[in-house]
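The values are calculated or read from the model by the stated rules, or taken from the named source; none is laboratory data. Computed from a prediction, not measured in an experiment: that's the story for all the values here. Every residue, glycine as well, gets a Cβ built from its backbone with ideal geometry; the counts of neighbours run over all protein chains shown.
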Amino acid sequence: QVEEPTPDPEMTLLTYLRTRLLLTGSKLGCGEGGCGACTVMVSRYSPHTDQSMALTLRATHYSVNACLAPICSVHGLAVTTVEGIGSLSNIHPVQERIAKFHGSQCGFCTPGIVMSMYTLLRNNPSPTTKELQENFDGNLCRCTGYRSILDGFRTFTKEFTCGMGSQCCQNKSNGDILGPQLSTLRPFDPTQEPIFPPELKVKHQKYHEVSLRFAGPRVTWVRPTSLDELLELKKSHPKARFVVGNTEVGIETKFKNQMYSVLVSSSHIAELTTVEDTDLGLRVGGSVTLSQLDWELKQRIKSLPEFKTRIFCEFVEMLKWFASNQIRNVASVSGNIMTASPISDLNPLFVAAGATVEAMSKDRGMRTVAMDKDFFCGYRRTALAPDEVLVSVTIPCTKTNEFFQGFKQCNRKEDDISMVNAGMMVRLSDSHVVNDIVLAYGGMGPTVVLAQQAMEGVIGLKWDESLMSKMCDLLPADLTLTPGSPGGAEEYRRALALSFFFKFFLRIKQTCDLETTQSDLSALEPMDSSELKSIQVIGARDSRSKVKDCVGQAVPHKAALQQSTGQAIYVDDMTPIRGELHMALVTSTRSYAKILSIDPSAALHLPGVLDFVSARDVPGINSIGYKMDSVFAVDEVTCQGQIIGAVVADTIDLAHRAARLVNVQYEDKTPLVITIEDAIQHSSFYPDVRTISVGDLEQGFSGSAHTLSGECRMNAQNHFYLETMATRALPGEAGEMEVFCSTQHAAAVQEDIAKVLGISSHKIAVRTKRMGGGFGGKETQSSLSAVPTAVAAHKLHKPVRCVLDRDEDMVTTGNRHPFLAKYKVTDKSLSDLTEKSFIDNKKRFVYLPFSKTIRACETLIKRLEPVVKTNPKASWEETVRIKLLILQNVFDYCLNPAIDVGQIEGAFTQGYGLLLLEDVKVTPDGTHLTRGPGNYKIPAFGNIASQMNVYLVPDSPNPRGPFFSRGVGEPPLLLALSAFYAARDAIKTAREETGASRIFQLDSPALPQHIRMACEDHISKRFPEIDPASYRPWTVKL
């Protein structure tokens, strides 16, 4: 039991756990609820409606993002962290499974994933495989590729079976298995889990039926328990922000620098937390969470006739893709409505459904407001008055002749914001004539947009092809987007809007048994993830291995159990020593500018701020060589995110607040160099040009009759290690310093610090025990924040800690570089170039008059020989499958096959992100838009191949490697090209069906928008690409 007499309303649960209770198992990965590293389980004793609709009190458990949950919000609740379920001396089955099935590599994400699984089991001791796979939509892992995590947890499910069937390694006795023998694992016994704290039951009234008020230095938190009290607060503080889950306000205060002096929690108002059936539909209290809404809707779907629940079904489907479990568990219905986001997933559905809200003020009482075309009256504005509270929303039932559907398109299917979404309702007569129709769109303007002319234009028309033809003219006229509009991809978004209606049109025809072609119906096929059926085959071990020799065996790595129990210590988990300070960076907000002045006075006036550190404080050389021109910018900045200085304070939150107060005056300079084309135009690149040439190129090109030329490009990729850059610098005697740094190159950090401080390297000891991911991103870039930390510690002669927030990390450290390649190919006999194929069960050749191509094919065939031997009668398609089966061959003697498989799967998944998902967005003036998991999407659990088989082929020793082993880190990343080219082939097939040319350009990453528009069908052709030179785009191609 923890009692905190003076909680600070600005403090999150995660900060409290880590700094006050020193429970550092829960990690800070992003601070915005997007990565799940901070996941904890919250339990409460609260009213619950059972399946018979009876109201009872019971303990409920749900996962939350501790990085967003205010500490004040968990008053009277039970919080369970990863340390609370097990330890090295008493391991919990969940912790054991993820460790022994090799589901933990760097381990930084592991505690959050463990707590998501633990919460699922506390609510459902025997989940289905489907429930398991849907449970982790709020957790990210950059290392493993997810398969090993799911394999370990799949052993808890009802239907657990191995993809190898009777050939399962568990049925063999030779020890060649990746995972543990199941018989050796601890079973999960729900009766042995901790009970809900009795005191929270006994004193439920004290904790939950009494109003609260907590006052901090800057913010006051109020939790009323009656509607009248809430209305009085709203009247007295019209600018106060209402908080239920803090999923919006938390982002605004942390990343948008918003300040709200009064926060009102509406989570304990009876009228706002009840759900009831009415004659009009389902009345849902404004503070009802989205998870509760989902449960309540599903109960009505089970009990009511199908025709009444069509709207309910679409809300349930949309909620499935709304954010993540952790967010849905705390986010409220009213929060979603009143935020009035133009890309809200639910608001277009509310509008299309004809929902109504009850709004109440202290002076004017209750009124009912229709959620129609006038409800969202401006960007993030609604028709409710400043003193009104949204009490409830009523979602109507559908009638027999009413049809409803919701749509959403984003880059990543799970936990991603919409590019475009829509809610559509139509009322048909018995002869299928349109009596009424509502088409509400999000992502097509600053508010939810109604396609008014299109709606009016089809009234009285029959639901047939002529209506669809007319809609193809009306909708584009209604839904216009100015080139350069926020969000970009204007043509794609307009095509989506029309495509959504086309799917709606087909769905209604199918439901009403109207004539529809089979090819059209393919548009309605569901895209749900299928059950994973991956297998891993190790192959024979080195015959020289001894029985007791661990070489060649799938041994879990040493720290796996420490990571799964939260006992593995990363840099920011280290207990602060006496007098340890915190540092936050001051970075450039301009892409190219002269620095006129730097004034830290406002920051230094804050109590608890000790100093501002800049170039003048560098005792040695203000440079770290090839990484940047300087440690601290002096006269000019050449990119946004370049470090200008740093603020040192008592706490990290204070340091960040003070850093924002440092006043830097700039004078912009030209030219701006943002893209590769900019660099070429202004000769802004390294002068050393390396070439490999054979023969006289000019003569070869001049004497050829045929030439092929073109270009391809690949965008940047953020490394997105889950642990951001972290450094602790502890000064010692006689200029010595001990530095703890999350780096892949401790020696380079040592050399850089020594040079900048002007002391010998032997006086600097840099220690790296473990990292929460690196992937090359911490090879050189660690010095960018480590060196300023050392400068501050040296100047103040006090220990200093600097841990970057995710947005700081993504802006300051850079990315994997973008590439632009231009090619030109010629051959004197190119006129005779034909594509010839020879296919049998073992080989596929493409004969071209290029010797390199032939050698590459021969090499590939040779590499496939071991696979062909296992199934000599297999067809080429069976030998190399792309869509569902990713075939990987690593010819090596494994030091540890589990690590090799993990590297292969993790690298493939990261490569998939590089080629098909991750999009670094930068504006024409160099502003980074992708600063966290909210807008930079790495592959998630739902993105992995449903079947990915990994074969570790024996008898292919590497004489230069330890124990004849081979490196397996980076190469598998390139295997994701199979997915990229599978998408390209699918586009080619689609273009053939519409008569479009087979020749087209597809750059990386091939996002949904690029794939969709490349298909060139009758819809996309209506929205031709606008000349990018004719307007200022939202983002640029780097």
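What to note about this one:
- Positions within segment 702-721 being surrounded by 13 or more Cβ atoms within 10 Å (Cβ to Cβ) and over 27 Å from the mean Cα position of the chain (by Cα), in sequence order: Ser704, His706
- Cβ-Cβ under 7 Å pairs, at least 6 apart or on other chains, segment 507-529 side closer than 25 Å to Gln133 by Cβ, far side small (Gly, Ala, Ser) and assigned to a helix (DSSP H, G or I): Ser529/Gly942
- Hits in segment 226-246 (condition: part of a loop (DSSP other than H, G, I, E, B) and either over 18 Å from Arg328 (Cβ atoms) or among the small types (Gly, Ala, Ser) (or both)): Ser226, His237, Pro238, Lys239, Ala240, Gly245
- Filter result for Ser956 (under 30 Å from Glu131 (Cα atoms) and out of contact with any Lys or Arg (no Cβ under 7 Å at 6 or more places or on another chain)): no
- Exactly one residue out of Asn411, Asn421 is more than 30 Å from Arg367 (Cβ to Cβ) and either out of contact with any His (no Cβ under 8 Å at 6 or more places or on another chain) or modelled with pLDDT under 95 (or both), and it is Asn411.
- Scan of segment 921-937 for residues that are aliphatic (A, V, I, L, M) and buried (at least 20 other Cβ atoms within 10 Å of the Cβ), ordered by number: Val922
- Qualifying residue in segment 852-874 (condition: at pLDDT 50 or above, in a loop (DSSP other than H, G, I, E, B), outside the structural domain of Gln642 (by TED's automatic domain parsing) and of a type in the set (A, V, I, L, M)): yes
Every residue, every condition in (1) surrounded by fewer than 14 Cβ atoms within 10 Å (Cβ to Cβ); (2) free of Cβ contacts under 8 Å to residues at least 12 places away in the same chain, yes or no:
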{"position": "Asp635", "(1), (2)": "yes, no"}
{"position": "Gln640", "(1), (2)": "no, no"}
{"position": "Ala658", "(1), (2)": "no, no"}
{"position": "Glu667", "(1), (2)": "yes, no"}
{"position": "Gln681", "(1), (2)": "yes, yes"}
{"position": "Tyr686", "(1), (2)": "yes, yes"}
{"position": "Ala734", "(1), (2)": "yes, no"}
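- Pair list, Cβ under 6 Å, 6 or more apart: segment 702-714 residue touching a residue at least 60 places away in the same chain (Cβ under 8 Å), other residue of a type in the set (Gly, Ala, Ser) and assigned to a strand (DSSP E or B): Cys712/Ala821; Met714/Ser1004
- Any chance Asp985 is of a type outside the set (Ser, Thr, Tyr), surrounded by fewer than 19 Cβ atoms within 10 Å (Cβ to Cβ) and at pLDDT 85 or above: yes
- Answer residue from segment 602-633, given it is among the polar types (S, T, N, Q) and in contact (Cβ under 8 Å) with a residue 60 or more places away in the chain and is surrounded by the most Cβ atoms within 10 Å (Cβ to Cβ) among those: Asn622
- Exactly one residue out of Asp805, Asp809 is under 25 Å from the mean Cα position of the chain (by Cα), surrounded by 23 or more Cβ atoms within 10 Å (Cβ to Cβ), at pLDDT 95 or above and more than 30 Å from Leu864 (Cα to Cα), and it is Asp809.
- Qualifying positions in segment 957-976 - surrounded by 16 or more Cβ atoms within 10 Å (Cβ to Cβ) and closer than 26 Å to Gln910 by Cβ: Ser965, Arg966, Val968, Pro972, Leu973, Leu975, Ala976
- Selection from segment 449-481 of residues that are touching a residue at least 60 places away in the same chain (Cβ under 8 Å) and closer than 23 Å to Arg1012 by Cα: Cys472, Pro476
- Once segment 362-388 is narrowed to residues that are of a type in the set (A, V, I, L, M, F, W, C) and in a strand (DSSP E or B), the residue that is farthest from Pro342 (Cα to Cα) is Met366.
- Residue, modelled with the lowest pLDDT, within segment 484-520, restricted to residues that are under 26 Å from Thr447 (Cβ atoms) and of a type in the set (S, T, N, Q): Ser485
Matching residues to (1) more than 32 Å from the chain's Cα centre (by Cα); (2) closer than 30 Å to Gly107 by Cα; (3) assigned to a helix (DSSP H, G or I); (4) assigned by TED's automatic domain parsing to the domain that holds Gly774:
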{"site": "Thr575", "(1), (2), (3), (4)": "no, yes, no, yes"}
{"site": "Arg590", "(1), (2), (3), (4)": "no, no, no, yes"}
{"site": "Ser597", "(1), (2), (3), (4)": "yes, no, no, yes"}
{"site": "Leu610", "(1), (2), (3), (4)": "yes, no, no, yes"}
{"site": "Asn622", "(1), (2), (3), (4)": "yes, no, no, yes"}
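- Annotation note: of Asn949, Asn896, the sole residue that is closer than 22 Å to Ser530 by Cα, surrounded by fewer than 22 Cβ atoms within 10 Å (Cβ to Cβ) and at pLDDT 80 or above is Asn949.
- Summed over segment 334-372, residues that are buried (at least 16 other Cβ atoms within 10 Å of the Cβ) and either over 15 Å from Pro396 (Cβ atoms) or in contact with a His (Cβ under 8 Å, 6 or more places away or on another chain) (or both) total 18.
- Leu1002 meets all of the listed conditions (1) part of a loop (DSSP other than H, G, I, E, B); (2) buried (at least 18 other Cβ atoms within 10 Å of the Cβ); (3) assigned by TED's automatic domain parsing to the domain that holds Val922 but one, namely (2).
- Test: Thr15 is outside any loop (DSSP other than H, G, I, E, B) and of a type in the set (S, T, N, Q): yes
- For segment 232-252, a residue qualifies if it is of a type outside the set (Lys, Arg) and over 27 Å from the mean Cα position of the chain (by Cα), and the qualifying residues are Glu232, Leu233, Ser236, His237, Pro238, Ala240.
- Condition met for Arg122 (over 17 Å from Ser267 (Cα atoms), assigned by TED's automatic domain parsing to the domain that holds Leu178 and surrounded by fewer than 24 Cβ atoms within 10 Å (Cβ to Cβ)): yes
- A residue that is at pLDDT below 90, among the hydrophobic types (A, V, I, L, M, F, W, C), more than 21 Å from His204 (Cα to Cα) and not assigned by TED's automatic domain parsing to the domain that holds Leu390 can be found somewhere in segment 252-261.
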